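Okay, structure first, notes after.
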Amino acid sequence: MSSQLLALVVLDGIAYGALVFLVAVGLTLVFGVMRILNVAHGSFYALGAYAAASLGLVLSGMGLPAWLSLPLFVVAAVIIGTVVGGAMERYLLARIYEREEALQLLVTFAVFMILENLQRLIWGVQPYFYAEPIMMMGNVPVAGITYTAYQMLFLPLVAIAVLIGLRLFLRRTLAGALIVAVTEDREAATTIGINAERIFFVTFAIGASLAVLGGALAAPTTSVIPGMGADMIVLSFAVAATAGLGSIEGAALTALLIGLGRSFAVFFAPEFEVVMPYLIMALVLLVRPQGLFGHVTARKI
């Protein structure tokens, strides 16, 4: 294998892993605090991609510079995540926290189906594509090849910033300390006066916003099409399960591992591209059922 091909495989894997991490870390955060596997998380990713593509096309039509779309992507992610995700948590999930896990999965799956069909109703079934951010940043020569700066530098830097920002938020701020307290023991946290309902709302809004941001940043790298949310939620579940549900640092390393595994499969064994993330997950769970970075805990009865 030539050094140019190896560099291309590695860069593809890092870029893909960065996008997967942005979505999977939101799912991991929500589960870690709320103990709910949100199937609708993939729809937030798709909403972000559609919103970003539409916003970018509007900016292009108005003759505004492409760089303006990047901060607007972040603003749109926060708004969509807070409004749509917050409404879902407040008016739906809050009613089923104490119900069976199967019911929680069915409810979030129902929301996923509603949002998927809502996307088709608003944007139709034709693909959207907005590549101006990639063209604006240009290419960077590395190891004898040229690679887009957007995927080689920008996406990994955003993923690293999110990882560091989340850790600092959870460890160095009062709000983060409250979230950790509710995560460790909701009953005890409520007893000492912590408003668990508000913590759940904030956590779900952050997780949804991260998924929307992942979709928005993915929009310049791929065609935005119906069904992309379903693909991403399955992949996010694979990352979260492989890392160990609730582990943020584990989600980052596992997303990178799965991104690299998928990239090697694309170049050397294309028939395994789709199944590679799940093969990695299966192999890890056979050895460590709690995930790479998970730990066994006693179940409360």
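All of the numbers you see were taken from the coordinates with simple rules; none came from a lab. None of the values given here were measured: they were computed from a predicted structure. Glycine gets a Cβ as well: all are built from the backbone with ideal geometry, and neighbour counts include every protein chain shown.
For the chain, the orientation-averaged shadow of the C-alpha convex hull comes to 16.8 nm² (one quarter of the hull surface). Protection proxy ranking of 266-277, 71-82, 225-236, by the mean of other Cβ atoms within 10 Å over each peptide's residues and highest first, is 225-236, 71-82, 266-277. Subtracting the Cα-Cα distance of Ile96 and Met136 from their residue separation scaled by 0.36 nm leaves 9.8 nm. Applying 1/(1 + (r/R0)^6) with r as the Cβ-Cβ distance of Thr222 and Asn195 and R0 = 41 angstrom yields a FRET efficiency of 0.55.
Per the Cα gyration tensor, the range 151-243 maps to an equivalent ellipsoid with semi-axes of 30, 16, 12 Å, ordered largest to smallest. Which whole number in µm²/s is D for the range 1-132 by Stokes-Einstein, with the Kirkwood Rh taken over Cα pairs at 20 °C and 1.002 mPa s? The estimated diffusion coefficient comes to 126 µm²/s. Given in Å, the Rg to one decimal and the Dmax to the nearest whole number for the Cα atoms of the range 205-301 are 14.8, 49. Applying 0.36 nm per residue to the separation of Ala7 and Leu157 and subtracting their alpha-carbon distance, the gain on full extension is 52.2 nm. Axis of helix 228-243 versus longest Cα principal axis of the chain: the two differ by about 60°, to the nearest ten degrees. Here the scattering of the range 70-226 is modelled by Debye summation over its C-alpha atoms, one equal scatterer each and no solvent; at q = 0.15, 0.17 Å⁻¹ the log10 of I(q)/I(0) is -0.99, -1.14. Computed from the C-beta positions of Ile114 and Val287 and an R0 of 41 Å, the FRET efficiency is 0.60 to the nearest 0.05. Computed over the chain, relative contact order equals 38 percent, with contacts defined as Cα pairs under 8 Å that lie 6+ residues apart.
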